[in-house]
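Here, each number is a calculation from the coordinates, and none is a lab measurement. Values in this document were obtained by computation on a predicted structure and should not be read as measured data. Heads up, the Cβs are rebuilt from the backbone with ideal geometry, glycines too, and the neighbour counts pull from every protein chain shown.
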Amino acid sequence: MGLGTNGVDKFKDFWQYDPAINTWRQVADFPGVGRYQAVAFSVNGKGYVGTGYNGVDALKDFWEYDPATNTWIRKADFAGSARYGAVGLEIAGKGYIGTGYDGNAKKDFWQYDPTTDVWTQKPSFGGNKRLGAVGFTIDGTGYLLTGSDNGVTLTDIWAYDPITEQWSERNSLINNEDAAYDYSGVARVNGVAFVVNGLGYVAVGSNSGNLTTCWAYNPTTNSWLQKTVCEGVARSQAVGFGLGEQGYIGSGTSGTIRLDDFWALDPTAENE
């Protein structure tokens, strides 16, 4: 977990969390310029970080972190336009970056092959262009959802199959009275997403105010279930990740306040 801003400084420090002993340890600083609204994903035990905003310019440099040697290596620059507020995710051993903002909201989608250090453009995201979206991967399928386009909070969710290179739309994040479901509470901007035990979780973010709510997506039934709220302060632009059988949320903003608290969700013990 690293990078970000306090509203003035753009940070380069990185930290490793050990859930077994509930402690943080600082690791090697990020070698690029400090930034926020970057993307990150992991492939084959290494972390990848790129794009973002340094307060003046959108960025497209791209870096690999090796936890075994605690070192960073610069890799091929992201092949799309420099941007921030994009989505990064791993699917079947490849990295992907899509959507975001480069002066305009985007919907292009790019694959990164860590074995060849090559970027390849793939079919554009199936939904509206957007920024501040989230993505997660379950059983070799990528999912991209939420975010905003020209200030409108979006309600579509799409699945990407890396074998067919096709996007398919899933149940929208709306109140569908005919189908007897209400997923409108999932829609948000600058939330976090993580995967635990085969379910995709979306939490915090903002939609007419900051949120604490958390929802879980079941790809088998194409349905959402509202889960326990995050007990910390409502926030947006936080960091989230799944580790083992728990999900984690930390940092973020609440109005002008920058947050440093850190929370774990145990899906097997939550009060729903």
Check your understanding: Can you tell me the Rg and Dmax of the stretch 171-272, counting just the alpha carbons, in angstroms?
Key -> 13.4, 43
Point to revise | Efficiency of FRET between Thr268 and Arg25 - r from beta-carbon atoms, R0 22 angstrom, step 0.05 | key: 0.20
Check your understanding: Given labels modelled 7 Å from the Cα in the Cβ direction, how far is it in nm from Gln226 to Asn70?
Key -> 4.6 nm
Practice item. Just name one of Asn150, Tyr65, Asn54: the one whose Cα is farthest towards the positive end of the charge dipole of the chain (beta-carbon charges, Lys/Arg +1, Asp/Glu -1). Key: Asn54
Check your understanding: In whole Hz, what ³J(HN,Hα) sequence does the stretch 239-250 give by Karplus (6.51, -1.76, 1.60; θ = phi - 60°), x for Gly and Pro?
Key -> 10, x, 7, x, 8, x, 9, 10, x, 10, 9, x
Revision key, fill the gap. Ranking Gly93, Trp263, Thr253 by how far each Cα lies towards the positive end of the charge dipole of the chain (+1 on Lys and Arg Cβ, -1 on Asp and Glu Cβ), the top one is Thr253
**Study point:** Fewest-first sequence of Ile97, Ile163 by Cβ atoms within 10 Å of each Cβ
**Key:** Ile163, Ile97
Point to revise | Rg/Rh for the stretch 88-170, where both radii come from Cα atoms and Rh is the Kirkwood radius | key: 0.96
Check your understanding: Quick one: of the DSSP bridges fully inside the stretch 1-131, what percent are antiparallel, nearest 5?
Key -> 100 percent
Study note, to complete from the structure: About its Cα centre, the chain carries a charge dipole, from +1 on Lys and Arg Cβ atoms and -1 on Asp and Glu Cβ atoms, whose size in debye to the nearest 20 is 660 debye
Study note, to complete from the structure: The residues Arg35, Arg83, sorted from fewest to most surrounding Cβ atoms within 10 Å, come out as Arg35, Arg83
